[in-house]
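*Asks:* What follows is a structure written as structure tokens; I'll ask about it next.
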Amino acid sequence: MSHKITVRQLIHQLQTVDPDLPAYLAINPDWPYAHCIGRIVEVPGPNGAVYLAENGQEGVLAPAARTELGWAAV
């Protein structure tokens, strides 16, 4: 089930963490890799959205991150 968040909600969540830490995407619990964030683009209009592009894999997702996400360790 999809859960959409707004840019405002994303900013709010990011303000609660150390701003000097690197940021990655965790995409798939069956393929638990840390993905680098690439370009960020905005598509304006009534059905507009902001998109965070994936920019390659950084390595296997840390076990602590999988635990926090509720993903079983592989």
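We did not get these values from a lab; they are worked out from the coordinates using the rules stated. The shown structure was predicted, so the numbers you read here are calculated from the model rather than taken from an experiment. We place every Cβ from the backbone using ideal geometry, glycine too, and count neighbours over all the protein chains shown.
*Asks:* Could you grab me the full set of residues in the range 1-21 that are closer than 21 Å to Val43 by Cβ and charged (D, E, K, R)?
*Replies:* Selection gives Lys4, Arg8.
*Asks:* Return a yes/no flag: does the range 23-34 have any residue that is of a type in the set (S, T, N, Q) and more than 19 Å from Trp71 (Cβ to Cβ). Show your work before the answer.
*Replies:* Initially, the range 23-34 is screened for residues of a type in the set (S, T, N, Q), giving 28.
Those still in the list that are more than 19 Å from Trp71 (Cβ to Cβ) too: none.
The answer is no, given that none of the residues of the range 23-34 is of a type in the set (S, T, N, Q) and more than 19 Å from Trp71 (Cβ to Cβ).
*Asks:* Kindly provide the set of residues from the range 7-42 that are β-branched (Val, Ile, Thr) and touching a helix residue (DSSP H, G or I) at 6+ places or on another chain (Cβ under 9 Å), ordered by number.
*Replies:* none
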